[in-house]
Amino acid sequence: MTQKIPIGKLAMLVASLTPVELEPFSAQLKDVEYCQGKAGSMNMQKVISAVETAGKRNHIISEVLYRETHALYHAILEALEGVMRGQIGAGDMMRTVGLRFAIVRGSPYEQFDEGEWLAVAFYGTIGAPVKGLEHETFGLGINHIG
């Protein structure tokens with residue numbers, strides 16, 4: 001029997017590891033819905049839109065249920081606070097990001113009535129908009145769905 005890995009930790013793994021590096025976690029990933037993608041910009045709205053679009057296109061969230069989009073939005077904002085060190089803004093602060101992201105949907109609690117949750121993780125770089133002047137960054141956000 002495989003040990004259940006929390007959805008936040010799975011999101012961090014999916015965002016930061018290559019497909020080959022993720023292979024040892026394949027059994028745990030079968031218990032959740034997830035997707036991954038990339039976003040890079042000086043405009044945070046483009047990053048937010050990339051994650052929301054990936055969530056909908058990969059059927060992690062419903063396109064017609066506002067509460068699911070709303071839950072994802074708040075998980076994204078929380079994760080971006082980590083990436084941005086509390087100040088969600090890039091271009092207006094002369095910063096740019098190059099990020100890989102993951103969205104994981106699952107039930108983190110044994111009690112079924114606690115419902116489903118979303119975890120969003122970002123891993124990548126942030127820094128001045130000059131190649132080579134960026135450094136690593138990570139962010140994680142978790143929110144319940146309705």
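Numbers at a glance
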item: In region 18-35, residue surrounded by the fewest Cβ atoms within 10 Å (Cβ to Cβ) [restricted to those that are under 14 Å from Ile7 (Cβ atoms) and modelled with pLDDT of 90 or more]; result: Lys30
item: Hits in region 36-52 - residues which are surrounded by fewer than 17 Cβ atoms within 10 Å (Cβ to Cβ) and of a type in the set (Ser, Thr, Tyr); result: Ser49
item: Members of region 54-68 found to be part of a helix (DSSP H, G or I) and either under 15 Å from Ala121 (Cα atoms) or aromatic (Phe, Trp, Tyr) (or both), listed by number; result: Ala54, Gly55, Tyr66
item: Scan of region 118-142 for residues that are surrounded by fewer than 21 Cβ atoms within 10 Å (Cβ to Cβ) and either in a loop (DSSP other than H, G, I, E, B) or aromatic (Phe, Trp, Tyr) (or both), ordered by number; result: Ala128, Pro129, Val130, Lys131, Gly132, Leu133, Phe138
item: Scope region 13-32; condition in a loop (DSSP other than H, G, I, E, B) and free of Cβ contacts under 8 Å to residues at least 12 places away in the same chain; matching residues; result: Leu17, Thr18, Lys30
item: Selection count where residues are more than 19 Å from the chain's Cα centre (by Cα) and among the aromatic types (Phe, Trp, Tyr), scope region 109-146; result: 2
item: Candidates Gly91, Gly55, Gly86, filtered to the one that is surrounded by 12 or more Cβ atoms within 10 Å (Cβ to Cβ) and modelled with pLDDT under 95; result: Gly91
item: All positions within region 18-53 that are within 12 Å of the chain's Cα centre (by Cα) and aromatic (Phe, Trp, Tyr); result: Tyr34
item: Boolean, Gly55 is in contact with a helix residue (DSSP H, G or I) (Cβ under 6 Å, 6 or more places away or on another chain) and either of a type outside the set (Asp, Glu) or over 17 Å from Ile142 (Cα atoms) (or both); result: yes
item: Unique match (being at pLDDT 95 or above, within 15 Å of the chain's Cα centre (by Cα) and closer than 22 Å to Thr125 by Cβ) among Ala71, Ala15; result: Ala15
item: Residue in region 33-48 that is in a helix (DSSP H, G or I) and over 16 Å from Gly141 (Cα atoms) present; result: yes
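The values are calculated or read from the model by the stated rules, or taken from the named source; none is laboratory data. The shown structure was predicted, so the numbers you read here are calculated from the model rather than taken from an experiment. Counting neighbours? That spans all protein chains shown, and the Cβs are built from the backbone with ideal geometry, glycine included.
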